[in-house]
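**Student:** After the C-alpha cells below, expect a handful of questions from me.
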Amino acid sequence: ELKVEQNPLFLSMQEGKNYTIYCNYSTTSDRLYWYRQDPGKSLESLFVLLSNGAVKQEGRLMASLDTKARLSTLHITAAVHDLSATYFCAVPPYNNNDMRFGAGTRLTVKP
Amino acid sequence: GAGVSQTPSNKVTEKGKYVELRCDPISGHTALYWYRQSLGQGPEFLIYFQGTGAADDSGLPNDRFFAVRPEGSVSTLKIQRTERGDSAVYLCASSLYGTGVEETQYFGPGTRLLVL
C-alpha cells in the first residue's frame, strides 16, 4: 500500500529565511503533487512533478522530484508571512488516480 | 469559469441519521473524486468516478457510505446511520479526463459534517 510521509509536520520560520519540506513515498508512482491549504479553506494546486529530476518554481517556492529515492522537496526561499499555510504532498499509485496525501506541514512565518 | 462547488457548506446531524452531500464539478470535467479530511490530517481518498460509473470505490470505509453520479456531472455522497466518527470535512475534486499523467485535481471548498 502506498504511504506518503512528510516532515516536518510543523515549521515555524522567520521572514527572510530559507527552509525545505520533505515528502517520501513508499511505492512507485508516475507523478507527485504539492497543494497549499489555508485555514478553513480548500486545497490549492501548486505543482505537478512528472519525471525524475523535475524541478518547478513559482515565486519563492521550488519543488523537485527524485523518483529513484521516492523523494520530493519543497524549498522555500526568503519566506514571507503570506506563505503561512499547510502544505501537502500527494502521490497517486502508479497508473492510478486516487491520491494518497501526506499529513501536511503546517508552516508559520513570523516577522 | 466556476470552480468546484459543494453544498451544504456545513451540516450538523444526530447520530444514526442519514445525510447527503452534493458536489458540482467544473463544467466539462469527466472525473470526480471524493475525499475525507479529519482535523489536522491530509485528505483520505474515498471514491473516484469516471463519467457516471465508479471507477474506484476502494476508499469507502464501509457499506454505510455510498456515492452516485447519475448523469456524469453532479455527484452525491450518501451516508447512512451516521456515527460520531464520520465527523470530518468531505472534499470533492474534479479533473478534466481522469487519465493522462498531467491531470490536476481541483478541489471544492468542502462540506463540514458534524455528527452529534
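**Student:** Which value, in nm² and rounded to one decimal, describes the direction-averaged projected area of the C-alpha convex hull of the protein assembly as shown? Before the final figure, lay out each step's value.
**Tutor:** Details: hull surface 48.9 nm².
Mean projected area of the Cα convex hull: 12.2 nm².
**Student:** Quote the charge dipole size of the protein assembly as shown about the Cα centre in Debye, to the nearest 20; the model charges only the Cβ of Lys and Arg (+1) and of Asp and Glu (-1).
**Tutor:** Working: 23 positive and 22 negative charges, 111 e Å.
Roughly 540 debye, rounded to the nearest 20.
**Student:** With the other protein chains left in place, how much accessible area per residue, in square angstrom, belongs to segment A:4-110 at a 1.4 angstrom probe?
**Tutor:** Details: 5020 Å² over 107 residues.
On a per-residue basis, segment A:4-110 sits at 47 Å².
**Student:** Right, another one. Within the protein assembly as shown, what percent of beta bridges assigned by DSSP are antiparallel, to the nearest 5?
**Tutor:** If we restrict to bridges inside the protein assembly as shown, about 90 percent are antiparallel.
**Student:** Further question on the same structure: Please report, in debye to the nearest 20, how large the charge dipole of chain B is about its Cα centre when each Lys and Arg carries +1 at its beta carbon and each Asp and Glu carries -1 there.
**Tutor:** It works out to roughly 520 debye.
**Student:** Okay, next question. Could you tell me the total accessible area buried at the B-A interface, probe 1.4 Å, in square angstrom to the nearest hundred? Please report the intermediate quantities before stating the final value.
**Tutor:** Values: alone 6370 and 6290 Å², together 11010 Å².
Answer for the B-A pair: about 1700 Å² buried.
**Student:** Then there is this: Under 19 Å Cα to Cα from A:Lys56, which aspartates and glutamates show up? Leave out anything in the same chain fewer than 8 places away.
**Tutor:** A:Asp30, A:Glu44, A:Asp66, B:Glu102, B:Glu103
**Student:** Considering only protein heavy atoms, with the full assembly of protein chains and a 1.4 angstrom probe, order B:Ser75, B:Ser27 by accessible area, largest first.
**Tutor:** Descending order: B:Ser27, B:Ser75.
**Student:** Can you tell me which aspartates and glutamates have their Cα less than 13 Å from the Cα of B:Lys78? Leave out same-chain residues fewer than eight positions away.
**Tutor:** Candidates past the 8-residue exclusion: B:Glu20, B:Asp63, B:Asp86.
**Student:** Tally up the carbon and sulfur contribution to the accessible surface of segment A:4-110 as a whole percent, 1.4 Å probe, everything protein left in place.
**Tutor:** Looking at segment A:4-110 in its full context, I get 48 percent from C and S.
**Student:** Compute, for chain A, the length of the dipole vector about the Cα centre, with Cβ point charges of +1 (Lys, Arg) and -1 (Asp, Glu) only. Units Debye, rounded to 20.
**Tutor:** 160
**Student:** Let me ask something else about it. With every protein chain present, what accessible area does A:Met13 have (1.4 Å probe, heavy atoms only), rounded to the nearest 10 Å²?
**Tutor:** Roughly 10 Å² of A:Met13 is accessible to a 1.4 Å probe.
**Student:** Shifting gears a bit: At 1.4 Å probe radius, can you tell me the per residue accessible area of chain B in Å²?
**Tutor:** 48
**Student:** Trypsin sites (Lys or Arg not before Pro), restricted to segment A:7-81: which are DSSP loop and have at most 14 other Cβ atoms within 10 Å?
**Tutor:** A:Lys17, A:Lys41, A:Arg60, A:Lys68
The values are calculated or read from the model by the stated rules, or taken from the named source; none is laboratory data. Predicted model, so just to flag it, every value in this text is computed and none were measured. Positions of Cβ are backbone-derived with ideal geometry, glycine not excepted, and every protein chain shown enters the neighbour counts. For accessibility, only protein heavy atoms count, side chains too; no ligands or nucleic acids. Shrake-Rupley method; radii C 1.70, N 1.55, O 1.52, S 1.80 Å.
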